[in-house]
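The values are calculated or read from the model by the stated rules, or taken from the named source; none is laboratory data. All of these numbers come straight from a predicted model, not from anything done at the bench. Here the Cβ positions follow ideal geometry from the backbone for every residue, glycine too, while neighbour counts run over all protein chains shown.
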Amino acid sequence: MGEINRRDFLKNATKGTVGLVTLSILPLGLAACNDKEQKMDTSAMANLGPLSEIEKGPFPKKVEYVASIKDAWVTQEQKGFVYVAKDEVKQELLFMSPICTHLGCTANDADEQQKAEGMTFFCPCHGGEYDELGNNIGGPPPRPLDIFQPVIQDGNVYIAVLSPIERTSKS
């Protein structure tokens, strides 16, 4: 077996290290140069419809959906709805779950008398009260209604109905 001197060893080790670093950085550089918009897989999400329609008032409003949710090898059709409100301060739409944060009942639209008292959503199970942005304002709910992070793709709004985001404080 041939001997290798210190200089040749260091030269070859440096070449190898530079090569490994280049190979590990190359995919990041290529991804940064790719100007095509990445499409998100929305097959497990509910399509709420065109953003242009959802942006139309009045707010808050109920938006119904039908989604085909695949769980392992079983696909189930799930029907439901979300409340959509417009946060005028943040100038953004809120996509809220109708599930009461107290014990999981469905919060409905408040009746006219309740609306006159400042309530927008009411959970009849235990008297949960929410305002137009889903903030808990009375009754036993410990926190505001959960929200969904919308995904806008091809002009439509999608939400992951099985993954609501817990809000811990008022908007």
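Summary table below
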{"read-out": "Single unsatisfied condition, Ile69 versus (1) touching an Asp or Glu at 6+ places or on another chain (Cβ under 9 Å); (2) modelled with pLDDT of 90 or more; (3) part of a strand (DSSP E or B)", "value": "(2)"}
{"read-out": "Any chance Lys90 is closer than 20 Å to Val151 by Cβ, outside any loop (DSSP other than H, G, I, E, B) and within 20 Å of the chain's Cα centre (by Cα)", "value": "no"}
{"read-out": "Residue in segment 118-131 that is farther than 29 Å from Lys39 by Cβ, charged (D, E, K, R) and modelled with pLDDT of 90 or more present", "value": "yes"}
{"read-out": "Residue within segment 140-153 that is more than 13 Å from Ala85 (Cβ to Cβ), touching a helix residue (DSSP H, G or I) at 6+ places or on another chain (Cβ under 7 Å) and loosely packed, with under 15 Cβ neighbours inside 10 Å present", "value": "yes"}
{"read-out": "Boolean, Glu112 is out of contact with any Asp or Glu (no Cβ under 8 Å at 6 or more places or on another chain), loosely packed, with under 13 Cβ neighbours inside 10 Å, closer than 28 Å to Gly155 by Cα and not hydrophobic (A, V, I, L, M, F, W, C)", "value": "no"}
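Okay, residues lined up against (1) on the phi > 0 side of the Ramachandran plot; (2) without any contact (Cβ under 8 Å) to a residue 40 or more places away in the chain; (3) part of a loop (DSSP other than H, G, I, E, B); (4) under 20 Å from the mean Cα position of the chain (by Cα):
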position	(1), (2), (3), (4)
Thr101	no, no, yes, yes
Gly118	yes, yes, yes, no
Pro141	no, no, yes, no
Leu145	no, no, yes, yes
Ile152	no, no, no, yes
Tyr158	no, no, no, yes
Ser169	no, yes, yes, yes
